[in-house]
Structures are given as C-alpha cells and as structure tokens.
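Below: one structure, written as structure tokens.
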Amino acid sequence: MGGFSRLSFFKMNIKPFLIDLDGVLKIGDTPAPDIVEFLNFISENNIPACILSNSTLRTGEQVNEFFASHNIQISIPAITAFDATLSYVKRKYKKVWVLCRNYLIHHFDGIIENEHPEVVVIGDIEDRWNYQIMNDIFKKVFAGADLIAMHKNKYWYPKDELMIDAGAFVNAIEFASGKEATLIGKPSPLYFKTALETINEKTEDGFFMIGDDIENDVGAAQKIGGKGILMYTGKTKYPIDDGIDVIPDFEAHSLSELVSLFKKDL
C-alpha cells in the first residue's frame, strides 16, 4: 500500500507538520514504536513542526513529560485542546464550571464557580457521565450560561478499545438547549492557526496535518487549505469506510512507512 501514489511529497515545497498525539505519536499508553526515527527525520530536514492534540487529558508540558519518562526528548512544541481552552477561558470569563479530569482542575483555580457560572466548559470526565450531570449542564446553559467544548470528537481508541468521546455529550446539550458550543480544539480553524503561529508559520502558506482522525484531522485541515496525512495507527482502520466522503491526500500504516516514503523523494 503506497500512500503517495497521487502526489510526490518532496517535489513540492516542504510545508510545516502539525502532528496528532494519540493514535500517531502515542499508541495507547506507549510512544509509537518508530517515533524516534520520525522525530529525527523532522530534525534532520529542518521541517517546522508542532504537536497539535485534541487531548483534554494533559497539557503540552505533560506531553513532553510523558515522552521524557520513556527517554524520548521532544524538541518541537506541543499544544493540547486543554491548553487552548484554558487560555481562551481565562481571557473571557471570571466564573466557570469546568468538567475535566480531577488532576487538571487546579489550572482553573480562582475562576471556578459551579452553581452560577458564566460558562460551562466540557472536557473529559471519563466514566463520570450520567443523567444528572447532563441535566445540570443543560439547565445552566438553557438559563443563559455560555457553552465551550474543548473538542467534539465522536469517539477515540484508547488501550485498543473503541470508546464514545465528549463530542456526543456536547451535541446532546446543543440539541436540548438550542445553543451552539464554542469549539476550541480540532476541527476548529482557529486551533490550526494558533499551532502554526506557534512555529511562525501561516495557514495560507500551506501545511500538513498528520493524524488518525479522518474528519477532525484530515478533513478539517483540507477545508482550510492544508493537506491531510491519514495514519492507520489509531482510530481509523484500513480500508476507509465507503460512507466517508473525506479523501486523504496521503496515507500510511506507520511513522516508519511515512519516513520511508518521504526519503524516496529526497
């Protein structure tokens, strides 16, 4: 299977890489087996790159700590949906109800207000979702609170188990309240723009999004002029479902395969 049959990567100008974390650089609870080869390739060829993750489970700093704990040094910046949400919320609000993992809630210290918030922020609360929580969110949003989604992923694939993700719960609140959430993470164009600005690049100059999500990675990048590289190492399995209308620009089954394909054109 050759993902570069339609277009030769290095016959074009090298564009910056935006790289997904889960399902690409991190498979389950461990780094991808060929991550060092891939990172060395980026470094050796001076490719501008940024890790752009929809993770609501960690900050960019914790991404670096995760890889460091496996003796892998990351020399490119990492931004998560949690980071971007935190920055956005602190600029705009003084009273927020945040639904996220307990070990991250302290980042919102000083502005937490669960009873009468200006905004409800939905991240990841694992298996704590239940009717009461959903109804509490609905009532606050219906009464006038804003709604923010760290991301709207439909599902994810941790530890080799397909699981529903927070996007389904966000959509339910939107439907019931009649209010649309402000989306921070992918596929928000603002998120891609923010990541590119972090490495001094512009959306309009082109970029490559390397991800395992056919819609939020590949399709979202294509909609704003980027190229989408689909990795079959995470949630999307080969071959792509016929019902999906997004066509990746390139495809690969591993980072090692991706590097090999790139090198053929060097």
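The values are calculated or read from the model by the stated rules, or taken from the named source; none is laboratory data. Small disclaimer: the values here were computed from a predicted structure and weren't measured. Note that each Cβ is placed from the backbone with ideal geometry, even for glycine, and that neighbours are counted across all protein chains shown. The area values use the complete protein model at the heavy-atom level, side chains included, leaving out ligands, DNA and RNA. Shrake-Rupley method; radii C 1.70, N 1.55, O 1.52, S 1.80 Å.
When Val141 is tested against the conditions (1) open to solvent by less than 20 Å² (accessible area, probe 1.4 Å); (2) within 26 Å of Asp22 (Cα to Cα); (3) touching a Lys or Arg at 6+ places or on another chain (Cβ under 8 Å), the lone failure is (2). Just one residue in the set Tyr93, Tyr103, Tyr88, Tyr155 is under 16 Å from Thr56 (Cβ atoms), in contact with an Asp or Glu (Cβ under 6 Å, 6 or more places away or on another chain) and not polar (S, T, N, Q); that residue is Tyr155. Scanning the range 224-237 for residues that are more than 17 Å from Ile14 (Cβ to Cβ) and in contact with a strand residue (DSSP E or B) (Cβ under 8 Å, 6 or more places away or on another chain), we see that the one that is modelled with the lowest pLDDT is Lys235.
In the range 177-189, the residues that are farther than 12 Å from Gly123 by Cα reach residues that are acidic (Asp, Glu) and in a loop (DSSP other than H, G, I, E, B) with C-beta atoms within less than 8 angstrom, at least six apart or across chains, in these pairs: Lys186/Asp213. Are any of the residues in the range 221-231 farther than 19 Å from Pro48 by Cβ, open to solvent by 10 Å² or more (accessible area, probe 1.4 Å) and under 18 Å from the mean Cα position of the chain (by Cα)? For the range 221-231, residues farther than 19 Å from Pro48 by Cβ, open to solvent by 10 Å² or more (accessible area, probe 1.4 Å) and under 18 Å from the mean Cα position of the chain (by Cα): present. Residues that are within 21 Å of Leu39 (Cβ to Cβ) and open to solvent by 30 Å² or more (accessible area, probe 1.4 Å) within the range 174-211 comprise Thr198, Asn200, Glu201, listed in sequence order.
Here's the yes/no breakdown for (1) under 22 Å from the mean Cα position of the chain (by Cα); (2) of a type outside the set (Ser, Thr, Tyr); (3) on the phi > 0 side of the Ramachandran plot:
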residue	(1), (2), (3)
Leu86	yes, yes, no
Tyr93	no, no, no
Phe108	yes, yes, no
His116	no, yes, no
Glu126	yes, yes, yes
Tyr157	yes, no, no
Ile173	yes, yes, no
Gly178	no, yes, yes
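Among all residue pairs at least 6 apart or on different chains, which show Cβ distances below 8 Å where the first residue, located in the range 112-131, is over 19 Å from Lys90 (Cα atoms) and the second is aromatic (Phe, Trp, Tyr) and surrounded by 13 or more Cβ atoms within 10 Å (Cβ to Cβ)? The qualifying pairs are Trp129/Phe169. Here Val98 fulfils each of the conditions (1) β-branched (Val, Ile, Thr); (2) closer than 20 Å to Phe192 by Cβ; (3) at pLDDT 95 or above apart from (2). Being closer than 24 Å to Glu204 by Cβ and either among the charged types (D, E, K, R) or open to solvent by 60 Å² or more (accessible area, probe 1.4 Å) (or both) is the filter here, so list the residues in the range 232-266 that pass it. Within the range 232-266, Ile247, Asp249 meet the criteria.
Within the range 106-138, the only residue that satisfies the criterion of being in contact with a strand residue (DSSP E or B) (Cβ under 6 Å, 6 or more places away or on another chain) and open to solvent by 40 Å² or more (accessible area, probe 1.4 Å) is Asn114. In the range 35-78, which residues are of a type in the set (Asp, Glu) and under 20 Å from the mean Cα position of the chain (by Cα)? Within the range 35-78, Glu61, Glu65 qualify.
Looking across the range 162-173 at every residue that is touching a strand residue (DSSP E or B) at 6+ places or on another chain (Cβ under 7 Å) and either touching a residue at least 60 places away in the same chain (Cβ under 8 Å) or open to solvent by 30 Å² or more (accessible area, probe 1.4 Å) (or both), the one that is farthest from Tyr131 (Cα to Cα) is identified as Leu162. Checked against (1) in a loop (DSSP other than H, G, I, E, B); (2) over 24 Å from Lys159 (Cβ atoms); (3) without any contact (Cβ under 8 Å) to a residue 12 or more places away in the chain, Arg91 passes all but a single condition, namely (1).
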